[in-house]
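Enquirer: I'd like to ask some things about the structure below.
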């Protein structure tokens with residue numbers, strides 16, 4: 001009996017130690033990634049000023065010229081356009097699903113959202129090439145009198161918008177669910193219509209949450225690689241319109257990994273791009289998560 | 001005034017219906033367009049053979065190498081992530097349940113990791129590989145994909161473990177069980193459906209991710225026989241075939257996309273079935 005007891009205690013200790021080691025490993029991971037990428041991009045940072053890297057558009061790896069401006073701007077264009085398309089759809093749908101929808105619609109929409117979220121990005125890319133690119137080159141661009149192959153910032157943004165919709169929608173639905181029913185009931189009992197209640201009570205109360213979910217969607221969109229890479233055109237030039245091809249940062253990294261060991265400082269430049277991406281995404285994530293958390297505590 | 005109120009409500013109700021319909025329609029459109037384009041090229045040969053000579057010029061062969069490679073990669077990574085992720089999730093919920101502050105910081109870090117784009121994991125994995133002198137291989141791919149899906153796994157399991165009532169833990173302690181016994185025999189058992197869902201979710205993510213394996217796993221026409229060999233993956237196979245100018249090869253890319261979509265759909269349906277089936281073993285309070 002005594003032996004058995006010691007054995008159990010020992011086992012428990014062993015388990016706890018293993019759990020603790022795993023936990024520490026995971027908690028350190030973001031810092032390890034940060035340091036690892038920084039060390040690799042150090043070479044580039046030593047030879048170029050940060051200002052030159054971020055604010056000039058001269059991209060000639062063979063001549064050791066690395067200006068990231070076209071890539072940063074392309075990323076911004078694609079991401080912001082994707083948000084402009086997806087945010088209204090997400091907000092309206094999440095209000096509908098939490099406030100109006102009947103059970104059978106919920107039963108229908110939940111699998112739809114789950115499957116959209118589960119589809120790999122390469123599938124979205126294939127769909128973009130099949131549907132969105134021809135749509136833009138044959139119908140949308142001629143409507144504005146522009147001639148384009150369809151591989152453009154707009155195509156990237158549409159594909160991206162669809163990809164981040166399930167992600168933002170899930171967060172928004174969770175947020176609207178945390179709004180206490182007493183608040184909406186009080187508003188309804190004072191004679192406000194359902195829509196007035198939503199506008200003046202629900203959305204107002206959920207406002208910080210909505211902003212955070214947009215922030216999270218933005219950081220998700222910023223780092224999306226393959227789907228955007230397949231439809232965005234990949235021309236290293238500062239984009240001037242939505243029908244122009246772009247070259248976002250993730251596509252830059254993914255497209256050039258093959259050559260980066262053959263040209264000096266190129267690998268350092270690509271790792272700098274990854275570091276840049278990591279930091280931007282991290283900043284948006286930190287602020288959005290903090291704001292969502294504060295919001296949850298307040299409610 | 002009253003009229004305007006009603007008109008406004010109706011307009012917005014219409015908009016909400018439209019936007020919900022857009023989302024449902026988009027899913028149907030994705031599935032329909034990929035199936036209608038690729039179904040004609042989807043043959044048994046395609047999913048049962050490895051690429052033969054001239055496969056990338058439209059000659060015979062299939063994508064078995066990519067299917068098997070993807071399965072190896074994602075199952076290996078899910079297994080590793082489970083071994084590391086489950087203890088962490090249990091530790092957070094059982095051992096640290098009094099230190100809410102530490103738990104919140106850990107959850108915050110995990111959420112941040114979840115948001116890190118997969119291409120960053122790929123680039124990071126690549127620097128590690130260069131540092132240790134490892135070539136592109138199945139092993140490197142498994143490690144990177146593990147890093148990618150660990151936060152999903154832990155947060156998924158954590159979300160279900162959170163719902164276990166404190167009373168159950170106290171009852172277990174009062175009967176004399178140790179912390180780890182409480183963790184594995186009470187908490188884990190109570191949450192099996194949620195754990196399976198989290199595992200399947202991570203598996204789906206592991207199969208579908210392309211950006212992280214681009215650097216680390218390489219690409220080959222053979223089925224890998226050891227961990228140190230490079231492996232083909234389904235998303236990359238689609239990507240490479242689609243960038244070919246030859247129409248037959250492009251059609252094969254669409255057919256490969258069908259295979260990938262079907263795998264993802266099966267995983268998604270399985271996770272629903274499991275979640276429902278094991279729900280009845282749960283003790284309700």
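Enquirer: Return the pairs, sorted by first residue and then second, in which the second residue is surrounded by 12 or more Cβ atoms within 10 Å (Cβ to Cβ) and not in a helix (DSSP H, G or I), the first residue lies in region A:39-63 and is within 14 Å of another protein chain (Cβ to nearest Cβ), the beta carbons are less than 8 Å apart, and the residues are 6+ apart or on different chains.
Expert: Short answer, once both residue conditions are applied: A:43/A:265; A:44/A:66; A:44/A:265.
Enquirer: Let me ask something else about it. Which of the numbered conditions does residue B:108 fail, given that it passes all the others? Conditions: (1) more than 20 Å from the chain's Cα centre (by Cα); (2) crowded, with 20+ Cβ neighbours inside 10 Å; (3) assigned to a helix (DSSP H, G or I).
Expert: (2)
Enquirer: Here's a follow-up. Does residue B:120 satisfy the condition of being facing chain A (nearest Cβ under 7 Å), under 29 Å from residue A:213 (Cβ atoms), in contact with a helix residue (DSSP H, G or I) (Cβ under 8 Å, 6 or more places away or on another chain) and surrounded by 24 or more Cβ atoms within 10 Å (Cβ to Cβ)?
Expert: Answer is yes for this residue.
Enquirer: Being exposed (fewer than 15 other Cβ atoms within 10 Å of the Cβ), at pLDDT 85 or above, assigned to a helix (DSSP H, G or I) and within 22 Å of the chain's Cα centre (by Cα) is true for just one of A:286, A:253, A:279. Which residue is that?
Expert: Sole residue among the options that is exposed (fewer than 15 other Cβ atoms within 10 Å of the Cβ), at pLDDT 85 or above, assigned to a helix (DSSP H, G or I) and within 22 Å of the chain's Cα centre (by Cα): A:279.
Enquirer: Please give the number of the condition residue A:269 fails out of (1) in a helix (DSSP H, G or I); (2) away from every other protein chain (no Cβ under 11 Å); (3) out of contact with any strand residue (DSSP E or B) (no Cβ under 8 Å at 6 or more places or on another chain).
Expert: (3)
Enquirer: Before we move on, is residue A:41 within 16 Å of residue B:178 (Cβ to Cβ) and not assigned by TED's automatic domain parsing to the domain that holds residue A:267?
Expert: Judged against the criteria, residue A:41 is not a match.
Enquirer: Take the residues in region A:94-120 that are at the interface with chain B (Cβ under 7 Å from one of its Cβ atoms) and buried (at least 23 other Cβ atoms within 10 Å of the Cβ); name whichever of them is nearest to residue A:209 (Cα to Cα).
Expert: Looking at residues that are at the interface with chain B (Cβ under 7 Å from one of its Cβ atoms) and buried (at least 23 other Cβ atoms within 10 Å of the Cβ), I get A:95.
Enquirer: For region B:71-101, enumerate the residues that are facing another protein chain (nearest Cβ under 10 Å) and in a helix (DSSP H, G or I).
Expert: Passing the criteria: B:83, B:84, B:85, B:86, B:87, B:88, B:89, B:90, B:91, B:92, B:94, B:95.
Enquirer: Checking residue B:68 against (1) away from chain A (no Cβ under 14 Å); (2) in contact with a helix residue (DSSP H, G or I) (Cβ under 7 Å, 6 or more places away or on another chain); (3) touching a residue at least 24 places away in the same chain (Cβ under 8 Å), which single condition isn't satisfied?
Expert: (2)
Enquirer: Further question on the same structure: Does residue A:142 qualify as being more than 7 Å from every other protein chain (Cβ to nearest Cβ) and closer than 20 Å to residue A:239 by Cα?
Expert: Values: more than 7 Å from every other protein chain (Cβ to nearest Cβ): yes; closer than 20 Å to residue A:239 by Cα: yes.
Considered against the rule, which asks whether it is more than 7 Å from every other protein chain (Cβ to nearest Cβ) and closer than 20 Å to residue A:239 by Cα, residue A:142 comes out as yes.
Enquirer: In this structure, does residue A:235 turn out to be farther than 18 Å from residue A:53 by Cβ and without any contact (Cβ under 8 Å) to a residue 24 or more places away in the chain?
Expert: yes
Enquirer: Now for a different question. Confirm whether residue A:140 is assigned by TED's automatic domain parsing to the domain that holds residue A:236, crowded, with 18+ Cβ neighbours inside 10 Å and modelled with pLDDT under 90.
Expert: yes
Enquirer: Residues to consider are A:62, A:79; find the one that is part of a helix (DSSP H, G or I) and within 30 Å of residue A:206 (Cβ to Cβ).
Expert: Criteria check complete, one pass: A:79.
Enquirer: Oh, and also: Would you check which residues across region A:58-71 are surrounded by fewer than 20 Cβ atoms within 10 Å (Cβ to Cβ) and out of contact with any strand residue (DSSP E or B) (no Cβ under 6 Å at 6 or more places or on another chain) and list them?
Expert: A:59, A:60, A:61, A:62, A:63, A:64, A:65, A:69 - these are the residues of region A:58-71 that are surrounded by fewer than 20 Cβ atoms within 10 Å (Cβ to Cβ) and out of contact with any strand residue (DSSP E or B) (no Cβ under 6 Å at 6 or more places or on another chain).
Enquirer: Same structure, new question: What helices (runs of 4 or more DSSP H) completely inside region B:155-257 contain at least 3 residues that are out of contact with any helix residue (DSSP H, G or I) (no Cβ under 9 Å at 6 or more places or on another chain) and farther than 30 Å from residue B:113 by Cα? Walk me through it before giving the result.
Expert: Numbers: elements: B:166-174, B:192-208, B:211-216, B:234-242.
Output list reads B:166-174.
Enquirer: Given the criterion assigned to a helix (DSSP H, G or I), closer than 30 Å to residue B:69 by Cα and at pLDDT 90 or above, identify the matching residue among B:149, B:128.
Expert: Going through B:149, B:128 in turn, just one is assigned to a helix (DSSP H, G or I), closer than 30 Å to residue B:69 by Cα and at pLDDT 90 or above: B:149.
Enquirer: Keeping to region B:1-45, report how many residues are outside any helix (DSSP H, G or I) and at the interface with chain A (Cβ under 7 Å from one of its Cβ atoms).
Expert: Matching residues across region B:1-45 total 0.
Enquirer: Which of the residues spanning region A:64-79 are in contact (Cβ under 8 Å) with a residue 12 or more places away in the chain and more than 14 Å from chain B (Cβ to nearest Cβ)?
Expert: Of all residues in region A:64-79, those in contact (Cβ under 8 Å) with a residue 12 or more places away in the chain come to A:64, A:66-75, A:77-79.
Matches in region A:64-79: A:64, A:66, A:67, A:68, A:69, A:70, A:72, A:73, A:74, A:77.
Enquirer: Just to be sure I understand, how many residues within region A:241-257 are more than 18 Å from residue A:80 (Cβ to Cβ) and within 9 Å of chain B (Cβ to nearest Cβ)?
Expert: 3
Enquirer: Would it be correct to say that residue A:86 is more than 22 Å from the chain's Cα centre (by Cα), within 14 Å of chain B (Cβ to nearest Cβ), buried (at least 20 other Cβ atoms within 10 Å of the Cβ) and in a helix (DSSP H, G or I)?
Expert: Criteria not met by residue A:86.
Enquirer: If you scan region A:217-227, which residues turn out to be within 10 Å of chain B (Cβ to nearest Cβ) and either over 12 Å from residue A:167 (Cβ atoms) or in a helix (DSSP H, G or I) (or both)?
Expert: A:219, A:220, A:221, A:222, A:223, A:225, A:226, A:227
Enquirer: For region B:68-105, give me each residue that is surrounded by fewer than 24 Cβ atoms within 10 Å (Cβ to Cβ) and under 30 Å from residue B:224 (Cα atoms).
Expert: Those that are surrounded by fewer than 24 Cβ atoms within 10 Å (Cβ to Cβ) and under 30 Å from residue B:224 (Cα atoms): B:68, B:71, B:72, B:75, B:76, B:79, B:80, B:82, B:83, B:84, B:86.
Enquirer: If I filter region A:25-38 for residues that are away from chain B (no Cβ under 14 Å) and not in a loop (DSSP other than H, G, I, E, B), do I get at least one hit?
Expert: Scanning region A:25-38, I find no residue that is away from chain B (no Cβ under 14 Å) and not in a loop (DSSP other than H, G, I, E, B), so the answer is no.
The values are calculated or read from the model by the stated rules, or taken from the named source; none is laboratory data. Everything numeric here is computed off the predicted structure, so don't read it as measured data. So basically every Cβ, Gly included, is an ideal-geometry build from the backbone, and we count neighbours across all protein chains shown.
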